[in-house]
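Input: a single structure, listed below in structure tokens.
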Amino acid sequence: MFSSVRVYYAPADYEGPPPGHWRGQTAVVFDILRATSTIVTALAGGYHSARCFRAVADARHYAADHARVALAGERDGMPPAGFQFGNSPREFRHKPASYDSLALTTTNGTRAIEAVSGARRVVIASLLNLGAVADFLRREPAAPLALVCAGSGEDFSLEDAIAAGALLEALNLSHPLTSLYAANRDDLPRVFRAAKNGAHLLELGLAADIDWCLQRDIYPVLPLLVNGAVLLRRARSR
Ligand code: MLT
């Protein structure tokens with residue numbers, strides 16, 4: 001199914017290679033707490049697209065130049081000044097009438113998406129849509145598969161590696177991360193809370209976001225990066 005599988009664990013891994021490195025690859029991006037869970041929830045909730053920016057200033061400029069685009073995201077877990085929304089996926093369950101799309105900037109998630117934007121396919125993955133991502137990948141033509149864990153600051157993030165392991169298990173691919181997932185699968189609420197991103201969300205009083213992001217397969221949707229915007233492609237039925 002895939003000519004190779006490589007996992008990128010942190011920014012130094014996915015920002016190290018030259019841009020041409022990603023050409024021809026299928027990149028699956030995980031930022032379970034919370035950016036990719038936010039994108040999945042927003043697109044399932046009715047937003048037409050999410051344009052991802054590494055820099056706050058670029059998101060602001062884009063939103064200022066485009067009608068009906070809401071500014072969303074976080075720095076240090078909180079919405080930057082003047083933003084309409086933060087990065088809590090629960091804020092995006094139902095699209096308000098006043099906006100159609102998001103300009104999203106987050107510490108690691110949008111950084112990872114931007115880094116791999118030259119890939120042949122960029123798939124946005126979370127536990128919320130993991131089954132749809134697995135279904136899609138099973139039907140993809142053979143290509144190198146890159147599992148890109150956004151990380152936490154410059155560090156590895158446990159919840160992203162566990163989610164990558166869950167995807168590998170769903171694809172029946174043998175990998176050390178499938179063992180990591182198997183060892184933790186029955187204890188995910190505790191493990192996510194103890195990990196760096198989860199502990200920070202707890203400090204901010206956002207435990208409900210962790211619980212939201214832990215839900216498995218509530219959205220059968222497939223967000224793909226297309227010409228700079230993440231758009232929904234409904235997963236095909238079996
Ligand atoms: C990120 O992109 O680093 C995050 O999703 C962090 C957060 O939402 O707190």
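Across the range 102-129, the qualifying residues are those that are open to solvent by 10 Å² or more (accessible area, probe 1.4 Å) and more than 11 Å from the chain's Cα centre (by Cα), and the one among them that is nearest to the ligand (Cβ to nearest atom) is Thr107.
Within the range 136-165, the only residue that satisfies the criterion of being free of Cβ contacts under 8 Å to residues at least 40 places away in the same chain, within 16 Å of the chain's Cα centre (by Cα) and closer than 19 Å to Ser4 by Cα is Gly165.
One line per residue, one yes/no per condition, for (1) within 16 Å of the ligand (Cβ to nearest atom); (2) surrounded by fewer than 24 Cβ atoms within 10 Å (Cβ to Cβ); (3) not in a helix (DSSP H, G or I):
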| residue | (1), (2), (3) |
| --- | --- |
| Gly131 | no, yes, no |
| Leu173 | no, yes, yes |
| His200 | yes, yes, no |
| Leu224 | no, yes, yes |
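The residues of the range 202-222 that are within 10 Å of the ligand (Cβ to nearest atom) and more than 21 Å from Tyr181 (Cα to Cα), listed by number, are Leu204, Leu206. For the range 168-175, the criterion of being out of contact with any Ser or Thr (no Cβ under 6 Å at 6 or more places or on another chain), of a type in the set (Ser, Thr, Tyr) and more than 21 Å from Glu15 (Cα to Cα) is met by at least one residue.
Residues checked against (1) small (Gly, Ala, Ser); (2) out of contact with any Asp or Glu (no Cβ under 7 Å at 6 or more places or on another chain); (3) within 16 Å of the ligand (Cβ to nearest atom); (4) modelled with pLDDT of 95 or more:
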residue: Ala10; (1), (2), (3), (4): yes, no, yes, yes
residue: Pro18; (1), (2), (3), (4): no, yes, no, no
residue: Thr26; (1), (2), (3), (4): no, no, no, yes
residue: Asp31; (1), (2), (3), (4): no, no, yes, yes
residue: Thr36; (1), (2), (3), (4): no, yes, yes, yes
residue: Gly46; (1), (2), (3), (4): yes, yes, no, yes
residue: Asp65; (1), (2), (3), (4): no, yes, no, yes
residue: Gly77; (1), (2), (3), (4): yes, yes, yes, yes
residue: Ser98; (1), (2), (3), (4): yes, yes, no, yes
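For the range 202-222, filtering for residues that are charged (D, E, K, R) and either part of a loop (DSSP other than H, G, I, E, B) or surrounded by 14 or more Cβ atoms within 10 Å (Cβ to Cβ) (or both) leaves 3.
The values are calculated or read from the model by the stated rules, or taken from the named source; none is laboratory data. Since the model is a prediction, treat every value here as computed from it, not as a measurement. No Cβ is skipped: glycine too gets one built from the backbone with ideal geometry, and neighbour counts run over all protein chains shown. When the accessible area is computed, the model is the full protein with side chains, heavy atoms only, and any ligands, DNA or RNA have been set aside. Shrake-Rupley method; radii C 1.70, N 1.55, O 1.52, S 1.80 Å.
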